[in-house]
Amino acid sequence: MFNLLLLLNLTSLIGFVVGLINPKLVLRGDNRTRRKSSEVYLSVFVLSFIGTGIFAPKPEPAVVVVPVKKLKTSSAITSPTPSLNASVQEIKPLPTPTPSATPTPTEPVEIEPPHEESNTTPHSDGSYTKKTVETRRFQNPDKSTYLLIKKTEKNVERGKITTLVITQVQIQDSQPRTTEVVATTQTDQGTQIETEKIAENGVIDKQQTSNDNIPAEVWDSFKIAEEKPTQSEDVTQNSVNIPTGAKCEDFATQEEAQAALSANPQLDRDGDGTACDSLVSGGGGSYVQSGGSGSYHHTDRRRRKR
């Protein structure tokens, strides 16, 4: 196919040239002009040229011949008599490649997955303290092992977060040695970091840095409710256990009567918002529920009338 297209390509080229000189030699019919001859043979030339490019045989990859070195041989002549030598071919064996040695690690390798223990202690005002201990075990190049201990104590208060990170190293069964202490204080004014690095000889290198970075957790800490003053157990217990329909003589102090005013509006006889004006403040009486019988009693009634 390639040869046919190549022959057609050459023929069309010749016909194109002859048509430019005398189109009557390469065309038949009435319309034998140079333009008609150019259109026909030029079209055939272009199409056959494209076809030769498509069907052209692909070149075979070149084969590189590498010369092989001949082994040196030594000839000798041997005969039954010791005075004669025979030709003997001596071939030296090729050297056996030695396996490459495994590289010895130069840095510690972690041999156990990290172990973490965490404990969170919430406080009554919404703040909390979170303590975390993370341990990781490594092996030195000399096969000795050590434990890397990281202790973190995080206190989240209203508008303030303090974090203390202590890094310790424990070799074999010895006592842990502190190598680094990082104290971070974060407020709405910025972040302050104090770092202490402790060498084996006890030398301490202290660094202190500060920046304007305010984490989003600091803004979230402002949602912690402020601590509100709580009532004593007696007053709280009285406000829960006092039933409706109580009278002023049922209370030991004016505070206890005031706490029960919302459930007993009859205690405010003059309508000034103060319950039981005849009772004095203070006193150790309480109004509690006795046992599981559902009855109520009060103790240490100390009251004074005006």
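The values are calculated or read from the model by the stated rules, or taken from the named source; none is laboratory data. Model, not experiment: these values are computed from the prediction. Using ideal geometry, Cβ is built from the backbone for each residue, glycine included, and neighbour counts are taken over all protein chains shown.
Quick notes
- Just one of the listed residues (Pro67, Pro61, Pro80) is part of a loop (DSSP other than H, G, I, E, B), at pLDDT below 75 and over 60 Å from the mean Cα position of the chain (by Cα), namely Pro80.
- Among the residues of segment 184-218, those that are among the hydroxyl-bearing types (Ser, Thr, Tyr) and surrounded by 12 or more Cβ atoms within 10 Å (Cβ to Cβ) comprise Thr184, Thr185, Thr187, Thr191, Thr195, Ser210.
- Exclusive hit being β-branched (Val, Ile, Thr), in contact (Cβ under 8 Å) with a residue 24 or more places away in the chain and assigned by TED's automatic domain parsing to the domain that holds Pro215, set Ile149, Ile198, Ile193: Ile149
- Residue among Gly15, Gly53 that is under 60 Å from the mean Cα position of the chain (by Cα) and either acidic (Asp, Glu) or in a helix (DSSP H, G or I) (or both): Gly53
- Residue, nearest to Glu157 (Cα to Cα), within segment 205-253, restricted to residues that are of a type in the set (Gly, Ala, Ser) and modelled with pLDDT under 85: Ala225
- Pairs are defined by a Cβ separation below 7 Å, a sequence spacing of at least 6 or placement on different chains, a first member in segment 250-262 that is closer than 10 Å to Asp277 by Cα, and a second member that is assigned to a helix (DSSP H, G or I); the pairs so defined are Ala257/Cys248; Ala257/Leu267.
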